[in-house]
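Please read the structure below before turning to the comments.
The values are calculated or read from the model by the stated rules, or taken from the named source; none is laboratory data. Values in this document were obtained by computation on a predicted structure and should not be read as measured data. Neighbour counts run over all protein chains shown; Cβ positions are idealised from the backbone, glycine included.
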Amino acid sequence: MSYTGDVTANGPADVREVPGLSISKIEVGDFGNNAYLLRCAETGDGLLIDAAAEPDRLLGLIGDMPISTIVTTHRHQDHWLALSEVAKATGAETVAHSLDAPELPVPVTRTVEHGDRVTVGVVTLEVIHLRGHTPGSIALLYGDGHIFTGDSLFPGGVGNTERDPARFESLYTDVVERIFDRLPDETWVYPGHGKDTTLGAERPSLPEWRARGW
């Protein structure tokens, strides 16, 4: 079965293999959050993006193989409800941007800034700071083909900025300059909720997003 990124509540993970990495996507919680388990193909080490909810299901997804890191994309509660339990059960390092880390329920082992690197086994992910949905929202980029955007970029628009023009301008500008202006159309987008997309599918709509202001 080919990967689609379409997952459902209580449903199985959707798994894809890309060079150097496996990516497992699962939906958890009452808000339809996506959690992503990345595993290094060479070492088997794992990294979880957003321990959002349902710790038992996340731990089942992780299984007997270790994970060394849990990255939280931003401070909103629906993205960290299972963080305490999963971190305790796995002993994994917890990572978040310095501006959002104080709002998380556990002390963050490592804070990151724009341009920092996070590793899983021999694989390196780049931290991209996207300011606006929250002050410390981040995305993780693998190569130039796979980006995990939290709640900053979805099919159909950028993340919620609560109709605040300054926050929208900040997020829109960061998404354009740090993602669309840099990466090719083939780049796959893995958001914090809902279906996946590609930059090519969304790029024609950028002027519409700016004009509507959300």
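Just give me the residues in segment 1-38 being of a type in the set (Asp, Glu) and within 15 Å of ILE147 (Cα to Cα), in sequence order.
Across segment 1-38, the qualifying residue is only GLU17.
GLU42 satisfies every condition listed in (1) within 21 Å of HIS146 (Cβ to Cβ); (2) in contact with an Asp or Glu (Cβ under 8 Å, 6 or more places away or on another chain); (3) surrounded by fewer than 19 Cβ atoms within 10 Å (Cβ to Cβ) except (2).
Being among the hydroxyl-bearing types (Ser, Thr, Tyr) and over 23 Å from LEU81 (Cβ atoms) holds for only one residue in THR198, THR134, and it is THR198.
Give segment 1-42 a look and list any residue that's in contact with a helix residue (DSSP H, G or I) (Cβ under 7 Å, 6 or more places away or on another chain) and assigned to a strand (DSSP E or B), or say none. Matches in segment 1-42: SER24, ILE26, VAL28, ASN33, ALA35, LEU37. For segment 141-154, the criterion of being touching an Asp or Glu at 6+ places or on another chain (Cβ under 6 Å), at pLDDT 95 or above and under 21 Å from ARG110 (Cα atoms) is met by at least one residue.
Among the residues that make up segment 103-122, is at least one of them surrounded by 16 or more Cβ atoms within 10 Å (Cβ to Cβ), more than 18 Å from GLY150 (Cα to Cα), touching a residue at least 60 places away in the same chain (Cβ under 8 Å) and not charged (D, E, K, R)? Checked segment 103-122: at least one residue is surrounded by 16 or more Cβ atoms within 10 Å (Cβ to Cβ), more than 18 Å from GLY150 (Cα to Cα), touching a residue at least 60 places away in the same chain (Cβ under 8 Å) and not charged (D, E, K, R). Under the condition of being within 18 Å of HIS74 (Cβ to Cβ) and of a type in the set (A, V, I, L, M, F, W, C), which residue from segment 167-182 is farthest from the chain's Cα centre (by Cα)? Looking at the filtered set, the residue picked out is PHE168.
Taking each residue of segment 74-93 that is touching a residue at least 60 places away in the same chain (Cβ under 8 Å) and crowded, with 19+ Cβ neighbours inside 10 Å and looking for partners that are among the acidic types (Asp, Glu) and assigned to a loop (DSSP other than H, G, I, E, B) with beta-carbon atoms closer than 6 Å, six or more apart or interchain, yields HIS74/ASP100; ARG75/ASP100; HIS79/ASP50.
What are the residues in segment 184-197 that are surrounded by fewer than 19 Cβ atoms within 10 Å (Cβ to Cβ) and more than 15 Å from THR4 (Cα to Cα), if any? Once the filter is applied, which keeps residues that are surrounded by fewer than 19 Cβ atoms within 10 Å (Cβ to Cβ) and more than 15 Å from THR4 (Cα to Cα), segment 184-197 yields PRO184, ASP185.
If only residues of segment 102-136 that are of a type in the set (A, V, I, L, M) and over 15 Å from the mean Cα position of the chain (by Cα) are counted, the one that is nearest to LEU171 (Cα to Cα) is LEU104.
In a residue-by-residue description of segment 198-206, the property of being surrounded by 18 or more Cβ atoms within 10 Å (Cβ to Cβ), closer than 23 Å to ASP50 by Cβ and β-branched (Val, Ile, Thr) applies to no position. Determine if segment 137-146 includes at least one residue that is surrounded by fewer than 20 Cβ atoms within 10 Å (Cβ to Cβ), within 16 Å of VAL95 (Cα to Cα) and more than 13 Å from the chain's Cα centre (by Cα). Within segment 137-146 (the criterion being surrounded by fewer than 20 Cβ atoms within 10 Å (Cβ to Cβ), within 16 Å of VAL95 (Cα to Cα) and more than 13 Å from the chain's Cα centre (by Cα)), the answer is no, since none of the residues qualifies. Only residues that are crowded, with 18+ Cβ neighbours inside 10 Å and in contact with a strand residue (DSSP E or B) (Cβ under 8 Å, 6 or more places away or on another chain) were counted in segment 149-177, giving 12.
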